[in-house]
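A quick write-up on the structure given underneath.
The values are calculated or read from the model by the stated rules, or taken from the named source; none is laboratory data. All values derive from a computational prediction rather than experimental measurement. Quick reminder, even Gly has a Cβ in these numbers, built from the backbone with ideal geometry, and neighbours come from all protein chains shown. With ligands, DNA and RNA removed, areas are computed over all heavy atoms of the protein, side chains included. Shrake-Rupley method; radii C 1.70, N 1.55, O 1.52, S 1.80 Å.
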Amino acid sequence: MTKETLTSSKSSALSGQVKIPGDKSISHRSLMFGGLAIGESVIHGLLEGEDVLHTAQAMREMGATITCDDQNIWRTQGVGIGGLKEPSTIIEMGNSGTSTRLLIGLVGGHNITVQFSGDASLNKRPMNRVIKPLEMMGATFTSREGGRLPLSVSGPETLKPIEYKLPVASAQVKSAVLLAGLSAMGKTTVIEETPTRDHTENMLRHFGVRVDVETLEGGTQVISIEGQKDLTATEVHVPSDPSSAAFPTVAALLHAGSEIKMDNVLMNDRRNGVYITLQEMGADIRFENERVEAGEQVADLVVTGNNPLKGIDVPAIRVPSMIDEFPILAVAASLAEGTTTMTGLEELRVKESDRLLMMYEGLKACGVNLEMGEDSLTIHGNGQPPKGGVKVKTSLDHRIAMSFMVLGAVSIDPVTIDDGAPIKTSFPNFIDLMNGLGCKIA
Ligand code: S3P
């Protein structure tokens, strides 16, 4: 991928109404489940970002028929449980950890061998977290040291169902085990102490699969599915991605006089942690027209820059519901009045980059007063814009890139990033959309 240097300069108040692209988690799952289901599924509002296009291509290489018409309506013809075929070449997954981990689960339930490879960021990310439970089910792996990509996964003739307690709060691991369990003979159970995003559960149900969820005292979830039951094709409407919407949201909050509106944003309570946190910091964010669409809670968001933000302690229990939003929250905290503490962030170290380190180094270079711990970030804001005026390293991480473009819109001097190309993995029209609201990103 060619590197794209981008610079963001101070802008005035933001205004306008925009449509944020489709939710990435739901988009991946629509293509995977549609690619498995019997019959034709129709997907509206799919995120056409590079990560999701990698999922589409991988499913095609394993036999699913996936098309997109000129109205951006996607259609899938699935192969049925057990019907994935062995691809003839290595499947390239680009930057996409979610596609890779979920597909490893799907493939592990098929008696085929598939090799996956990724870009420099994905090839560094830990895959043992999915290798381990899948080996317990009978799949076999060859990988680089430490369970890194490129790796090869072979499903056994008959997959054993397991009961698996998640060692990390990860929706990707939960999903990989459940997706393998679709092919197992019997009941597969995943136990999660800290609830993570539940799109796999919700969407499997939407595709006609029974998913049993029991909530134990203390909030532990026990999620079970019975294997060897086919998915039924259906229609999916993908709401806007709350993780993407967080970037214009923070940009608007940080400019007095701003008012922006974003319709139909996913407000699943396992995804909305950043909005609750920003409201606790004093942000004026309104959820209008709250409703349930295709089984998911959605709302129209109105965000203004009317209120100054103040520092708070973010409860660690909330981390899974805002796991991807800490980079942009750190930007908001840098301009808040007072100290913001964020703890329980160990998973940030194994995202597309070590996000804790990237935010610490980038913000420090921009003149923000902050400290980093093993799994924490403490930011001392004084309600004033930081200096900026530096070039920040992004390490193939779309969310680090977008966060510093938002910081550039408020810092005294412009902020440059070494590479904005990865933004296309999740938010292809980010620059045009932000500039349309009043930002100055070039
Ligand atoms: C995702 C789960 C999260 C999140 C990722 C998308 C998903 O990862 O960071 O962007 O769609 O299941 P983890 O499950 O590893 O926390």
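Things to note:
- Identity of the residue in region 134-174, closer than 9 Å to residue 108 by Cβ and under 25 Å from the mean Cα position of the chain (by Cα), that ends up farthest from the ligand (Cβ to nearest atom): 153
- Subset of region 102-121 (residues that are crowded, with 24+ Cβ neighbours inside 10 Å and within 14 Å of the ligand (Cβ to nearest atom)): 102, 103, 104, 105, 106
- Only one of 294, 299 that is out of contact with any Cys (no Cβ under 9 Å at 6 or more places or on another chain), more than 16 Å from the ligand (Cβ to nearest atom), open to solvent by less than 10 Å² (accessible area, probe 1.4 Å) and in contact (Cβ under 8 Å) with a residue 12 or more places away in the chain: 299
- Here residue 397 clears all of (1) charged (D, E, K, R); (2) surrounded by fewer than 19 Cβ atoms within 10 Å (Cβ to Cβ); (3) closer than 28 Å to residue 52 by Cα except the condition numbered (2).
- Residue match in region 168-186 (condition: open to solvent by 70 Å² or more (accessible area, probe 1.4 Å), on the phi < 0 side of the Ramachandran plot, out of contact with any His (no Cβ under 9 Å at 6 or more places or on another chain) and of a type in the set (Lys, Arg)): no
- Per-region count, region 243-288, residues under 23 Å from the mean Cα position of the chain (by Cα), open to solvent by less than 20 Å² (accessible area, probe 1.4 Å) and of a type outside the set (A, V, I, L, M): 10
- Among the residues here, residue 196 qualifies as open to solvent by less than 10 Å² (accessible area, probe 1.4 Å), within 15 Å of the ligand (Cβ to nearest atom) and in a loop (DSSP other than H, G, I, E, B).
- Entirely in region 1-113, the helices (runs of 4 or more DSSP H) that have 2 or more residues that are at pLDDT below 95: none
- Test: residue in region 178-190 that is under 21 Å from the mean Cα position of the chain (by Cα) and part of a strand (DSSP E or B): yes
- Restricting region 352-389 to residues that are under 19 Å from residue 405 (Cα atoms) and within 16 Å of the ligand (Cβ to nearest atom), the residue that is surrounded by the fewest Cβ atoms within 10 Å (Cβ to Cβ): 354
- Some residue of region 88-97 being away from the ligand (no atom under 16 Å from the Cβ) and more than 21 Å from residue 425 (Cα to Cα): yes
- Every pair of residues 6+ apart whose Cβ atoms lie under 8 Å, when the first sits in region 129-145 and is surrounded by fewer than 18 Cβ atoms within 10 Å (Cβ to Cβ) while the second is assigned to a helix (DSSP H, G or I) and at pLDDT 95 or above: 143/131; 144/123
- Residue match in region 31-40 (condition: in contact with a strand residue (DSSP E or B) (Cβ under 6 Å, 6 or more places away or on another chain), under 14 Å from residue 237 (Cβ atoms) and of a type in the set (Asp, Glu)): no
- Entry remark, region 46-60: residues being away from the ligand (no atom under 16 Å from the Cβ) and either in contact with a strand residue (DSSP E or B) (Cβ under 6 Å, 6 or more places away or on another chain) or open to solvent by less than 40 Å² (accessible area, probe 1.4 Å) (or both) number 1 in total.
- Selection within region 329-348 - touching a Lys or Arg at 6+ places or on another chain (Cβ under 7 Å) and within 14 Å of the ligand (Cβ to nearest atom): 348
- Which numbered condition residue 146 fails, given (1) of a type outside the set (Asp, Glu); (2) assigned to a loop (DSSP other than H, G, I, E, B); (3) in contact with a Leu (Cβ under 7 Å, 6 or more places away or on another chain): (3)
- Scanning region 199-242 for residues that are assigned to a helix (DSSP H, G or I) and on the phi > 0 side of the Ramachandran plot, we see that the one that is least open to solvent (accessible area, probe 1.4 Å) is 219.
- Residue 36 touching a residue at least 60 places away in the same chain (Cβ under 8 Å), within 25 Å of the chain's Cα centre (by Cα) and away from the ligand (no atom under 16 Å from the Cβ): yes
- Residue in region 329-341 that is under 23 Å from the mean Cα position of the chain (by Cα) and open to solvent by 30 Å² or more (accessible area, probe 1.4 Å) present: yes
- Single match in 265, 177 (criterion: among the β-branched types (Val, Ile, Thr) and within 14 Å of the ligand (Cβ to nearest atom)): 177
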